[in-house]
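Colleague: Pasting a structure here, questions to come.
The values are calculated or read from the model by the stated rules, or taken from the named source; none is laboratory data. These numbers come from a predicted model, not from an experiment. In this analysis, Cβ positions are derived from the backbone assuming ideal geometry, glycine residues included, and neighbour counts consider all displayed protein chains. Accessible surface areas use protein heavy atoms only, side chains included; no ligands, DNA or RNA. Shrake-Rupley method; radii C 1.70, N 1.55, O 1.52, S 1.80 Å.
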Amino acid sequence: MNPDRIFILTGAGVSAESGLSTFRDKGGLWSQYRIEDVASIEGYERNPAKVLEFYNLRRRIHRDVQPNAAHVALGRLQREWGARGGEVTICTQNIDSLHELGGAQRVIHMHGELGKARCHDCGDVTPADGELSLSLGCAACGRVGGLRPHVVWFGETPLELDEIYDKLAAADLFVSIGTSGNVYPAAGFVAAARREGAVTMEINLEPSENAHLFDLARYGKASEAAPAWVSELIATV
Ligand code: NAD
Ligand code: ZN
């Protein structure tokens with residue numbers, strides 16, 4: 001197989017070995033909070049201070065994490081494929097910046113980015129390295145108290161979907177890494193890519209909800225299985 005255009009979808013599992021807990025990890029961050037309180041628009045409208053506090057905590061944890069071998073391998077693949085005239089689209093559900101730190105040049109963050117803030121009033125998006133609080137004002141519209149994490153919550157529409165579906169339609173190979181296949185629309189990408197004729201593969205610790213939709217599968221840790229796949233691909237093409 002010589003896939004010119006590769007679409008890679010990643011989820012929490014690709015960052016797990018960097019120390020960021022997945023949503024179902026026992027004892028992980030999500031077991032200490034109710035999703036509907038901290039990751040929904042209703043939760044934010046009910047108690048914005050609590051939501052900001054939750055994301056400030058995540059921001060502090062993120063400051064100390066490093067990309068793992070999976071992020072580095074995917075960054076290498078994207079650069080090498082680009083140099084050969086192909087294209088690797090990296091689309092992540094993660095809000096961390098570990099793909100970029102691992103050497104990826106372009107990443108679609110369909111669920112937003114922890115390192116950015118968005119004004120709830122005017123929609124302006126700005127880099128935000130520090131913590132968010134209700135006393136901050138928006139640089140664009142001036143309103144105080146409306147700066148929220150640039151993160152897509154339940155009840156909101158993921159970002160860059162037009163570009164994502166264009167890239168899925170053009171893909172020769174679709175690879176899903178470290179995602180459970182529970183949250184739509186991302187969970188529907190494998191079916192969309194298949195319909196358009198792509199070969200599909202999953203790399204995950206265990207079969208995902210969509211396991212039957214993948215032509216190929218490699219089960220194991222992302223930090224081992226992803227670099228092994230990338231090395232084989234680069235060596236054989
Ligand atoms: P997930 O936690 O649902 O699934 C992670 C997957 O990674 C699992 O299938 C697991 O087997 C696998 N995995 C764990 N460690 C791994 C490793 N070392 N190597 C390879 N695979 C590994 O995460 P997701 O699929 O990214 O969730 C999708 C989206 O759901 C998230 O981006 C988020 O926006 C949203 N979300 C979900 C929940 C929830 O409870 N489902 C809560 C909040 C947000
Ligand atoms: Zn504003």
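Colleague: So for the stretch 93-102 (the condition being modelled with pLDDT under 95 and either of a type in the set (Gly, Ala, Ser) or farther than 23 Å from ILE164 by Cβ (or both)), does at least one residue qualify?
Modeller: The answer is no; no qualifying residue exists.
Colleague: Can TYR55 be described as under 23 Å from GLY130 (Cβ atoms) and open to solvent by 40 Å² or more (accessible area, probe 1.4 Å)?
Modeller: So TYR55 does not fit the description; no.
Colleague: Can you pull out every residue in the stretch 100-129 that is under 22 Å from SER18 (Cα atoms), part of a loop (DSSP other than H, G, I, E, B) and open to solvent by 40 Å² or more (accessible area, probe 1.4 Å)?
Modeller: GLN105, ARG106, ASP129
Colleague: Please tell me if GLU206 is open to solvent by 10 Å² or more (accessible area, probe 1.4 Å) and within 12 Å of ligand 1 (Cβ to nearest atom).
Modeller: In short, yes.
Colleague: Follow-up question, since we're still on this one. Pairs only if they're at least six apart or on different chains, beta carbon under 6 angstrom, first in the stretch 114-140 and closer than 18 Å to HIS62 by Cβ and within 16 Å of ligand 1 (Cβ to nearest atom), second open to solvent by less than 40 Å² (accessible area, probe 1.4 Å) and aliphatic (A, V, I, L, M); list them, first residue then second.
Modeller: If the second residue must be open to solvent by less than 40 Å² (accessible area, probe 1.4 Å) and aliphatic (A, V, I, L, M), the pairs left are LEU114/ILE95; LYS116/ALA128.
Colleague: Search the stretch 1-15 for residues being surrounded by 17 or more Cβ atoms within 10 Å (Cβ to Cβ) and in a loop (DSSP other than H, G, I, E, B), and hand back the single one that is farthest from ligand 2 (Cβ to nearest atom).
Modeller: Filtering first and then ranking leaves PRO3.
Colleague: Taking the stated definitions as given, is ALA140 open to solvent by 60 Å² or more (accessible area, probe 1.4 Å), assigned to a loop (DSSP other than H, G, I, E, B) and not acidic (Asp, Glu)?
Modeller: In short, yes.
Colleague: Within the stretch 219-235, identify whether any single residue is farther than 22 Å from GLY19 by Cα and assigned to a loop (DSSP other than H, G, I, E, B), and answer yes or no.
Modeller: No; the residues of the stretch 219-235 include none that is farther than 22 Å from GLY19 by Cα and assigned to a loop (DSSP other than H, G, I, E, B).
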